[in-house]
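Since the structure comes first, as structure tokens, the remarks are kept for the end.
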Amino acid sequence: MNGKSRLGEFLRTRRSQLSPDEAEVPTYGERRRVPGLRREELALLAGVSASYYARLEQGHSMNASPEVLDAIARALRLDESERLHLLDLARSAKPRGRGRRPAPERVTEATGQLLDTLADVPAIVVGRRSDVLAWNRLGHALFAGHLDPGAPDLPSQRPNMARLVFLDAHTRELYAHWPSKARAVVGNLRMVAGQYPEDSALHALVGELSAKSEEFATMWADHRVKACSVADYEMRHPLVGTLTVTQQTLNLGPGPNIVVATTKAGSPSRTTLALLAQATAEPTAPATPATPAAAPSQPETHVSDS
């Protein structure tokens, strides 16, 4: 699907999801054959002509100004992440030369140092496609303890969090309210797809998940966009039981991000996380007993015969 099609599909889908009541558009009790707003109603709310908006949905007008796109975003009741996604789609729809392939992702030395300092907090380094590029011991134990801890070091075996959430039974059971986690994963992939329209590996991932998971395909078709910044999740860990964590994405600028899972101080979840750390701690080598120091030699005493 090219940029024009992606932009048009996003606009059509979001328009169909916005009811006249939500948009405060009077219907005068008429029966409507299509869900959501009509094109002319959306155009009126955005302050553009119906013919212009129709051309935009059909991919025949690729020069919409940021002001027009912002007006359409307001009419569609888009949040900030969705508005930025709309702008990304509009940019990708414009004719341009052959795009530059995104550079391979890697963990920088600085990111590795930051990961080391988070030893007491579950942390994983994820790329834009949700590939796990690295994790610390507790991050591996919390998110994917059933996988080889060395998997992120091998590009061909790197876990992918989107695949795990939709295709891995262990990860699915890990989240007590799986649909909320699944929607967050899809919303984040939608946002990234708009930012990197030339990323063929990302599009291949979306195609794979759509083919293997009907739930993913349904959520993807909703065109919901969500930045995975901060969210609370109840997790059911097979080793230590239930705990609630706050998953936060630490944005490091261009390149991979670090996702950390924290718990409230003094909470049962903090205790449960500490138990997980103990249960998965690396065994320490027994201490070597110290060799007793040799007793200092005593000078010989000679007894006189006199």
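The values are calculated or read from the model by the stated rules, or taken from the named source; none is laboratory data. Keep in mind that what you see is a predicted model, and the values were worked out from it rather than measured. Every residue, glycine among them, receives a Cβ derived from its backbone with ideal geometry; neighbour counts consider all protein chains shown. What goes into the accessible areas is simple: the full protein's heavy atoms, side chains included, and nothing from ligands, DNA or RNA. Shrake-Rupley method; radii C 1.70, N 1.55, O 1.52, S 1.80 Å.
Things to note:
- 5 angstrom amide H check on residue 78, placed H, neighbours 5+ away: none
- Relative contact order [Cα under 8 Å, 6+ residues apart], the chain, whole percent: 15 percent
- Split the accessible area of segment 158-206 by element, probe 1.4 Å, and carbon with sulfur accounts for 50%.
- Evaluating 6.51 cos²θ - 1.76 cosθ + 1.60 at θ = phi - 60° for every residue in segment 132-145, the Karplus couplings come out as 7, 8, 5, 8, 8, 4, 6, x, 4, 5, 6, 8, 7, x Hz, glycine and proline recorded as x.
- Hz values of 3J(HN,Hα) by residue in segment 232-249 - Karplus curve (6.51, -1.76, 1.60), Gly and Pro given as x: 9, 9, 8, 10, 10, 7, x, 8, 10, x, 8, 8, 10, 10, 9, 8, 10, 9
- Amide H within-cut-off set for residue 133, under 5 Å, with H built and near neighbours excluded: 125, 126, 127
- When the solvent-accessible area of segment 208-256 is split by element, carbon and sulfur atoms take up 51 percent of it, the probe being 1.4 Å.
- Ranked by the mean number of other Cβ atoms within 10 Å per residue, highest first, peptides 264-271, 39-46, 245-252 order as 39-46, 245-252, 264-271.
- Accessible surface for segment 160-238, divided over its residues, is 45 Å² per residue with a 1.4 Å probe.
- Phi angles across segment 29-34 convert, under the Karplus curve 6.51 cos²θ - 1.76 cosθ + 1.60 with θ = phi - 60°, into 3J(HN,Hα) values of x, 6, 7, 10, 8, 10 Hz, Gly and Pro given as x.
- The portion of the accessible surface of segment 1-71 made up by carbon and sulfur, rounded to a whole percent, is 49 (1.4 Å probe; DNA, RNA and ligands excluded).
- Among (i) 0.92; (ii) 1.00; (iii) 1.46, the entry that matches Cα Rg over 2.2 N^0.38 Å as calculated here: (iii)
- Per-residue ellipticity at 222 nm from helix content only, as computed over the chain with -39500 (n - 2.57) for each DSSP H run of at least four residues, stands at -13500 deg cm²/dmol.
- Segment 24-137, accessible area per residue, ligands and nucleic acids excluded (1.4 Å, Å²): 60 Å²
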